[in-house]
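Participant: Sharing a structure, written as structure tokens. Questions coming.
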Amino acid sequence: MRDAPGVPPAGSVEPVGGDRSWPAPDAGWHRFWPAHFLADTGAIAQMEVEKLRHDPLELATRAVQPVLWLLLFGKVLAKTHAIPTGGVPYLDFLAPGILAQSALFVSIFYGIAVIWERDLGVVHKFLVSPASRAALVSGKAISAGVRTLAMAVVVYLVSAASGVHLRISLGSLLGVVVLLLLGSAVFATFSLIIATLVKTRERFMGIGQILTMPLFFASNAIYPIAIMAGWLQAVAKVNPLTYQADGLRDLMLPHGHSTFGLPVDFGVLAVVLVAFVAVAARLYPRVAI
């Protein structure tokens with residue numbers, strides 16, 4: 001006997017939130033329509049950002065690291081004049097790199113939250129909701145960018161207090177926001193991919209710690225690509241963090257410029273994000289296995 005219209009097949013799980021729409025996400029191709037996709041993505045992002053209201057101390061503790069890099073590491077190296085920065089004061093050169101580093105550090109461990117959600121049964125509820133897998137992944141990625149924007153405020157304030165020459169205009173600030181959202185989303189999505197593969201918190205933390213420092217040091221965040229060894233330059237040019245730091249220097253500094261060009265910086269991050277979202281959306285159900 002066929003099931004009645006609007007009634008899920010026998011043995012299926014009812015979608016969360018009282019939404020009895022059917023079919024399930026795998027068959028719900030209409031959820032990829034822009035209006036549905038944006039609404040689902042926004043709902044997931046809002047839910048993730050709401051967590052900050054219950055744990056504001058997280059942002060305070062994360063703000064310590066960029067402050068130390070700017071005030072200690074940056075001040076010391078600025079006096080040594082050991083790193084050529086093309087006439088740009090080293091502290092000015094460093095500030096955008098530290099902001100890019102903050103985006104990396106906030107986002108790269110984002111996948112561990114998915115493992116926690118699996119253990120709490122939240123992932124299973126997401127999987128039976130009408131939202132597409134891509135919207136689930138995109139919403140989490142955007143929320144990582146929102147957290148990074150809080151770090152941007154800290155970096156701008158500390159940089160200004162340290163004498164860094166900053167470009168403060170509506171266009172440059174909007175560009176910084178978009179670039180931070182893109183970069184954070186890239187690393188958060190990359191983190192989600194790792195979480196779907198390793199599946200345990202202990203393994204994830206180990207891999208995350210292994211990846212963080214190479215991604216940071218194999219980029220132009222704290223020194224120009226030109227002074228790197230040839231093989232390291234090749235690695236830096238395929239590292240998304242390089243393009244984020246490069247674009248931030250152009251947007252944040254009145255005397256800064258992008259080595260690759262802003263269209264390339266934004267384009268590379270956008271292409272990598274789309275690829276990572278596609279992979280993460282395909283792998284996301286594996287978290288629950």
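The values are calculated or read from the model by the stated rules, or taken from the named source; none is laboratory data. Bear in mind the structure is a predicted one, so any value in this text is a computation, not a measurement. Here the Cβ positions follow ideal geometry from the backbone for every residue, glycine too, while neighbour counts run over all protein chains shown.
Participant: Given the criteria among the basic types (Lys, Arg) and farther than 16 Å from residue 110 by Cβ, does residue 199 qualify?
Facilitator: no
Participant: Same structure, new question: Working carefully through the options 137, 123, 146, find the one that is buried (at least 22 other Cβ atoms within 10 Å of the Cβ), modelled with pLDDT under 90 and either closer than 21 Å to residue 38 by Cα or touching a helix residue (DSSP H, G or I) at 6+ places or on another chain (Cβ under 8 Å) (or both).
Facilitator: 137
Participant: Could you tell me which of the residues 212, 189 is of a type in the set (Ser, Thr, Tyr), surrounded by 19 or more Cβ atoms within 10 Å (Cβ to Cβ) and part of a helix (DSSP H, G or I)?
Facilitator: None of the other options fit; the residue is 189.
Participant: May I pose another question? Within the range 56-101, track down each residue that is farther than 28 Å from residue 145 by Cα, free of Cβ contacts under 8 Å to residues at least 12 places away in the same chain and of a type in the set (A, V, I, L, M, F, W, C).
Facilitator: 76, 82
Participant: How many residues are of a type in the set (A, V, I, L, M) and in contact (Cβ under 8 Å) with a residue 24 or more places away in the chain if we restrict to the range 155-172?
Facilitator: Matching residues across the range 155-172 total 4.
Participant: Looking at the range 192-209 only, could you name the residues that are of a type in the set (Lys, Arg) and assigned to a loop (DSSP other than H, G, I, E, B)?
Facilitator: Residue satisfying the conditions is 199 alone.
Participant: Next question. Taking the range 192-209 on its own, how many of its residues are under 18 Å from residue 65 (Cα atoms) and surrounded by 16 or more Cβ atoms within 10 Å (Cβ to Cβ)? Steps first, answer last, please.
Facilitator: Here is the first cut: in the range 192-209, the residues under 18 Å from residue 65 (Cα atoms) are 208-209.
Those still in the list that are surrounded by 16 or more Cβ atoms within 10 Å (Cβ to Cβ) too: 208.
Going through the range 192-209 one residue at a time, the tally reaches 1.
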